[in-house]
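*Asks:* Here it is, the structure in full.
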Amino acid sequence: MNEDRLAEIIGSTALRIALRSGRRRRPAQPVDRDLRLTVTAVRAEAPDVAGLTLARPDGADLPAWRPGAHLDLVLPSGLLRQYSLCGDPADRASYRIAVRRLATGSTEVHGLAPGTEITVRGPRNAFPLAAAPGYLFLAGGIGITPLAPMARAAAAAEVPWRLVHTGRDRASLPLSAGLDAAHVLLRPDDEHGGPPPVAALVAEQLAALPQGSAVYCCGPPPMIDAVRRAVPAGHRLHSERFSPPPVRGGRAFTVELARTGRTVDVPADRSALDAVQAVLPAVPYSCRQGFCGTCHVRLVAGRTERDTSAPGSMALCVARAEGDRLVLDL
C-alpha cells in the first residue's frame, strides 16, 4: 500500500471518529501551489448550473481535501474566482465543482469545454465541518455545493443530520437529489407561495436532532441573516455567504496611495477595496470576504483592525484603519 493511499484511509477514519465522538479536529492544510488541471467532463446539474470535473492531465492523484473546501480558479481572462468542491473527498483522481451562471465570472466558467486546461489553487478550507452531535444543513440554491459533501460525511459517520434546500423552483435545486431523501427537505418557493418562514423551519428541523447540533448555512445574505436570528442558544451557526458581508460599525478613514501620492476617503459603510477601486480599477480582488488573499497589499504606515492578512499587509476587502489614516503600497 502506497503512502498516499494509507494517508487517505487514516484521514477518512479520523474524520468518522471525530464526528461521532464530538472531538475537535484540525482542518486539512491548504495547498498553495498552482495546479494545472484539465476539464474532463461538463454536465448540466440544473438549467443554469454547470458541473465540471477537473483532473491532472497525467491522471495522478490530486491533493486531499475535506468537506467545505474550495478551489481558486484562474480563468483564461485572468479573473480569480472561488468555487466549493462538491464531489467525494475520497476521489483523489478528480475534483468536482458546480457553478451557477452569473455575470461575475461564472459565465466564463460555463464556456469551458472538455479538454480545456486551467490553473487552480488549493484546496483551501474557510468553512470546515466541525465535530457536533448532529447537523442541520440549510442551502439556498447553489449554496448546496459545500453542504452536500458535509451531509455525505455525516451520513458515513452515522451522525444524525437533516438538510433543507431552498430555491425558486425544483429545477433550481441541484445536487441534493443525490443525497438520502429520508434526510432531505426540498423547499421550492413556487410550491409554497414564497420563501420559507425561517424561524419555524429551523425550529422544526432542530427538534428532530440532538441538542447541541451544529447549523451550517450557505446562501444569499438575507437567508443567512434570517437563520442567524432563528438559531436558538446551544446550537452553533456556521455560515458561508455568496457576497461580501455589509460593513457594520465602521468608521471613516483615509488611505494614501504611496506610489501615486493620491489620497482616498473610505466611508464608514464601504470597504477600502471599494474606495480604492474607484481610482485604481485594476486592483485585483476575488472573494471579498477576507480569506482568498487576492486583495492583500503591503501596509507602508498605520495599523489595521479586522484584518485577515499577514503582519505588514492589509486585506482591502475587510480590514479597517485603527486610526484615521493608512499608507498603502499602491
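No value in this document is a laboratory result; all are computed from the given coordinates. Keep in mind that what you see is a predicted model, and the values were worked out from it rather than measured. Quick reminder, even Gly has a Cβ in these numbers, built from the backbone with ideal geometry, and neighbours come from all protein chains shown.
*Asks:* Along the charge dipole of the chain, which of 142, 226, 284 sits closest to the positive end, that is, farthest toward it, with unit charges on the beta carbon of Lys, Arg, Asp and Glu (+1, +1, -1, -1)?
*Replies:* Result: 226, furthest along the dipole toward the positive end.
*Asks:* Pick from 173, 136, 75: which is most flexible by mean-square fluctuation in a GNM of the chain where alpha carbon atoms under 10 Å apart are linked?
*Replies:* So, out of 173, 136, 75, the one fluctuating most is 75.
*Asks:* Return the single residue from 249, 115, 140 with maximal mean-square fluctuation; model: Gaussian network over the chain, springs between Cα atoms under 10 Å.
*Replies:* 249
*Asks:* With each label point set 7 Å from Cα along the Cα-Cβ vector, what nm distance links residue 252 and residue 200?
*Replies:* Spacing of the two 7 Å Cα→Cβ label points: 4.5 nm.
*Asks:* Another one. Just for the chain, what percent of DSSP beta bridges are antiparallel, to the closest 5? Intermediate results must be reported in sequence, preceding the final value.
*Replies:* On the way: 40 of 65 bridges.
Percent antiparallel among DSSP bridges in the chain is about 60.
*Asks:* I've got another one for you. About the Cα centre, and with charges only on the beta carbon of Lys, Arg (+1) and Asp, Glu (-1), how big is the dipole of region 158-300? Nearest 20 debye, please.
*Replies:* 560 debye
*Asks:* Report the equivalent ellipsoid semi-axes for region 163-215 in whole Å, largest first, defined as the square roots of five times the eigenvalues of the gyration tensor built from alpha carbon atoms. It would help to have the intermediate numbers written out before the result.
*Replies:* Details: eigenvalues 84, 46, 11 Å².
After scaling each eigenvalue by five and taking roots: 20, 15, 7 Å.
*Asks:* With charges only on Cβ, +1 for K and R and -1 for D and E, what is the dipole size of the chain about its Cα centre, in debye, rounded to 20?
*Replies:* Here the size comes out at about 640 debye.
*Asks:* Let me ask you something else. Where nothing but the Cβ of Lys and Arg (+1) and of Asp and Glu (-1) is charged, how large is the charge dipole of region 163-223 around its Cα centre, in debye to the nearest 20?
*Replies:* 100 debye
*Asks:* Could you work out the relative contact order of the chain, using alpha carbon pairs under 8 angstrom and six or more residues apart, expressed as a whole percent?
*Replies:* Dividing the mean separation by the residue count of the chain yields 13 percent.
*Asks:* Percent relative contact order of region 259-326, based on C-alpha pairs within less than 8 angstrom and at least six residues apart?
*Replies:* 29 percent
*Asks:* Which of 44, 60, 214 moves the most in a Gaussian network model of the chain with Cα springs under 10 Å?
*Replies:* Comparing 44, 60, 214 in the GNM, the peak value goes to 60.
*Asks:* Unpartnered cysteines of the chain (Cβ-Cβ under 4.7 Å counts as a partner)?
*Replies:* If one checks each Cβ against the other cysteines of the chain, 86, 217, 218, 295, 317 turn up with nothing under 4.7 Å.
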